[in-house]
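Peer 1: What follows is a structure written as structure tokens; I'll ask about it next.
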Amino acid sequence: MSISVFELFKVGVGPSSSHTMGPMTAACRFVRRVAQDGDLAAVARVEVWLYGSLALTGRGHATDTAAIIGLTGQMPADADPDACAALVARVLDSRRLPLNGGGQGYVHEIDFDAGRDIHWEGGSQLPFHPNAITFVAVDAGGVELTRGTYYSVGGGFVLDEDEARANAPANPGPPVPYDFANADQLLAMAGQAGLTIAELMRENERAARGDADIDQGLDRILATMDACIDRGMRETGILPGGLDVPRRAAKIHAQLMQRQERMLRDPLSVMDWVNLWALAVNEENAAGGKVVTSPTNGAAGIIPAVLRYYERFHDPDRRRLHIFLLTAAAIGGLYKRNASISAAEVGCQGEVGVACSMAAAGLTAAMGGTNAQIENAAEIGMEHNLGLTCDPIKGLVQIPCIERNAMGAIKAIDAARLALMGDGTHKVSLDRVIETMRRTGADMKDLYKETSLGGLAVNLPEC
Ligand code: SF4
């Protein structure tokens, strides 16, 4: 089952794809199901049960507020961050929650007390995935009407129990001409058809939509990434969550603008810009702003920063930016299919590591690299992120996450440059490194998989 570029790159809100966007989507799906069953008007209460990593880091990742927003019928792509903040404040203050099952006449208001109705079950895990959320709707007599469990499996992807059992969404989309299962198949199919990886991905996208729609969708992704960088470079102040992390991007931007002439003496000043763009996105993400999941929110700064590096320092041609995105998505799909893009499953190698690999591949393609060089770049991008743990302080997507995106972006550029200096021949294949990442994640202690129970999260008591 090939994964679309529009599934890998989703417009949504921060701070987390698995812990914010996923639960919001799950809540929205649940309330629509209740409405479809005809039970919405009979609902008196909805209880939310958060399990595993969703409970352990859910407060820092805004999982509870995401569930509330989802129950009001909003999906992440449509959510306006400012309006959502006001809505959540209203719900918490009034203890009244407008359930919205979709469509006219489907709004039904219930009592909702977050302290009573949201249950944090960090010590329990459900089968299938560490990020599980259960919703239970009951009537005025306390009789259960509907129950639904969902798994947020990384990158904003959500599966219900049936889908999780089958390990696939119920509606996978139309069949595609090149249904590659791994990188070897991708290279073989592209080679036989005489296509670049980006061209092959476009052929697959054409199974669901025309070229005009594909280009419009890609432009929307680019525009959202650009807007996120630009907003991140303007905003100042302290990031929310209680860790008192100051936003740095605006200050760094001002510094860079002030010393433009002096920077011409220093060829490495390019790195300052790449660092800035990555920080800007991840500060926006940490503040709950609008971002593109790429392929997750915690790692959302890497691909926009490398894309802007390409656009500003190489070539602004939109077609080449589309090649970047399509190629990066082909690589991201391999990780999603054969390993994981969920830090709760495999640690940060599945977020920052995957984003680095995707960005390296996209940049190599945009710069005219061969399919073999692209595969090599993707492999390098992951090889040097293997074992990267997830240990966010206070469960917030701030430390180490924000700076880690800057490091990931620089590493991706280096991986592309290394690959472009060779002919694509190399020892460790991309498939091998993806499998190594999966096994390393399976061997990793839970302490380092988005639980905030180990690493930096417990070794900086002064924070
Ligand atoms: S450490 Fe990495 S995986 Fe964990 S929350 Fe931060 S960016 Fe995401």
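Peer 1: I'd like the residue in region 352-395 that is in contact (Cβ under 8 Å) with a residue 40 or more places away in the chain, more than 13 Å from the ligand (Cβ to nearest atom) and part of a loop (DSSP other than H, G, I, E, B) and, out of all such residues, is nearest to Arg319 (Cα to Cα).
Peer 2: Restricting to residues being in contact (Cβ under 8 Å) with a residue 40 or more places away in the chain, more than 13 Å from the ligand (Cβ to nearest atom) and part of a loop (DSSP other than H, G, I, E, B), the top hit is Met367.
Peer 1: If you check every pair at least six apart or on different chains, which have Cβ atoms under 7 Å apart with a residue in region 138-150 that is free of Cβ contacts under 8 Å to residues at least 60 places away in the same chain first and a residue that is in a loop (DSSP other than H, G, I, E, B) second?
Peer 2: Thr149/Leu126
Peer 1: Another question, if that's okay. Please verify whether Phe180 is surrounded by 20 or more Cβ atoms within 10 Å (Cβ to Cβ), more than 30 Å from Ala361 (Cβ to Cβ) and aromatic (Phe, Trp, Tyr), treating the condition exactly as stated.
Peer 2: no
Peer 1: Sticking with this structure for a sec: Specify which of the listed residues (Leu321, Leu334, Leu326) is open to solvent by less than 10 Å² (accessible area, probe 1.4 Å), farther than 14 Å from Thr196 by Cβ and either without any contact (Cβ under 8 Å) to a residue 40 or more places away in the chain or over 16 Å from the mean Cα position of the chain (by Cα) (or both).
Peer 2: Within the list Leu321, Leu334, Leu326, the selection yields Leu321.
Peer 1: Report whether or not Ala343 is touching a Ser or Thr at 6+ places or on another chain (Cβ under 6 Å) and not assigned by the TED database to the domain that holds Gln125.
Peer 2: In short, no.
Peer 1: Considering only residues that are over 23 Å from Val153 (Cα atoms) and either touching a helix residue (DSSP H, G or I) at 6+ places or on another chain (Cβ under 6 Å) or within 16 Å of the ligand (Cβ to nearest atom) (or both), which ones fall in region 273-283? Full working, then the answer.
Peer 2: First, the residues of region 273-283 that are over 23 Å from Val153 (Cα atoms): 273-280, 283.
Within region 273-283, Val274, Asn275, Leu276, Trp277, Ala278, Leu279, Ala280, Glu283 qualify.
Peer 1: Just one of Arg432, Arg417, Arg439 is closer than 30 Å to Ile229 by Cβ and either away from the ligand (no atom under 16 Å from the Cβ) or open to solvent by less than 10 Å² (accessible area, probe 1.4 Å) (or both); which is it?
Peer 2: The conditions single out Arg417.
Peer 1: Among the residues of region 286-309, is there at least one that is under 26 Å from Ala339 (Cα atoms), more than 14 Å from the ligand (Cβ to nearest atom), open to solvent by 10 Å² or more (accessible area, probe 1.4 Å) and not aliphatic (A, V, I, L, M)?
Peer 2: No: region 286-309 contains no residue that is under 26 Å from Ala339 (Cα atoms), more than 14 Å from the ligand (Cβ to nearest atom), open to solvent by 10 Å² or more (accessible area, probe 1.4 Å) and not aliphatic (A, V, I, L, M).
Residue by residue, here is whether (1) without any contact (Cβ under 8 Å) to a residue 40 or more places away in the chain; (2) more than 27 Å from Thr327 (Cα to Cα); (3) surrounded by 15 or more Cβ atoms within 10 Å (Cβ to Cβ) holds:
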| position | (1), (2), (3) |
| --- | --- |
| Ile221 | no, no, yes |
| Thr224 | no, no, yes |
| Pro246 | yes, yes, no |
| Ile252 | yes, yes, yes |
| Glu261 | yes, yes, no |
| Pro267 | yes, yes, no |
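Peer 1: Tell me which residues, restricted to region 396-405, are surrounded by 23 or more Cβ atoms within 10 Å (Cβ to Cβ), in a helix (DSSP H, G or I) and more than 8 Å from the ligand (Cβ to nearest atom).
Peer 2: Going residue by residue through region 396-405, those that are surrounded by 23 or more Cβ atoms within 10 Å (Cβ to Cβ) are 396-398, 401-402, 404-405.
When the remaining residues are screened for being in a helix (DSSP H, G or I), the result is 401-402, 404-405.
Ile402, the sole residue that qualifies.
Peer 1: From Asp244, Asp315, grab the single residue that is assigned to a loop (DSSP other than H, G, I, E, B), at positive phi and away from the ligand (no atom under 16 Å from the Cβ).
Peer 2: On the way: Asp315 fails: at positive phi.
Unique residue meeting the criteria: Asp244.
Peer 1: What pairs can you find where one residue is in region 66-80 and closer than 14 Å to Phe135 by Cα and assigned by the TED database to the domain that holds Ser152, the other is hydroxyl-bearing (Ser, Thr, Tyr) and not in a loop (DSSP other than H, G, I, E, B), and their Cβ atoms are less than 8 Å apart, with a gap of 6+ or different chains?
Peer 2: Between residues of region 66-80 that are closer than 14 Å to Phe135 by Cα and assigned by the TED database to the domain that holds Ser152 and residues that are hydroxyl-bearing (Ser, Thr, Tyr) and not in a loop (DSSP other than H, G, I, E, B), the close pairs are Ala66/Thr20; Gly70/Thr25.
Peer 1: To continue, here is another question. Applying the selection to region 421-436, what residues are within 15 Å of Gln373 (Cα to Cα) and without any contact (Cβ under 8 Å) to a residue 60 or more places away in the chain?
Peer 2: Residues of region 421-436 within 15 Å of Gln373 (Cα to Cα): 421-431.
Result: Met421, Gly422, Asp423, Gly424, Thr425, His426, Lys427, Val428.
Peer 1: Here is a further query. Return the residue satisfying two criteria in turn: it lies in region 1-46 and is part of a loop (DSSP other than H, G, I, E, B) and within 16 Å of the ligand (Cβ to nearest atom), and of such residues it is surrounded by the most Cβ atoms within 10 Å (Cβ to Cβ).
Peer 2: Here the answer is Ser16.
Peer 1: What are the residues in region 55-64 that are away from the ligand (no atom under 13 Å from the Cβ) and more than 14 Å from Pro240 (Cα to Cα), if any?
Peer 2: Result: Ala55, Asp64.
The values are calculated or read from the model by the stated rules, or taken from the named source; none is laboratory data. Bear in mind that the values here come from a model prediction, so they are computed numbers and not experimental data. Cβ sites come from the backbone with ideal geometry, for glycine too, and all protein chains shown count toward neighbours. Side chains included, ligands, DNA and RNA excluded: accessible areas come from the protein's heavy atoms. Shrake-Rupley method; radii C 1.70, N 1.55, O 1.52, S 1.80 Å.
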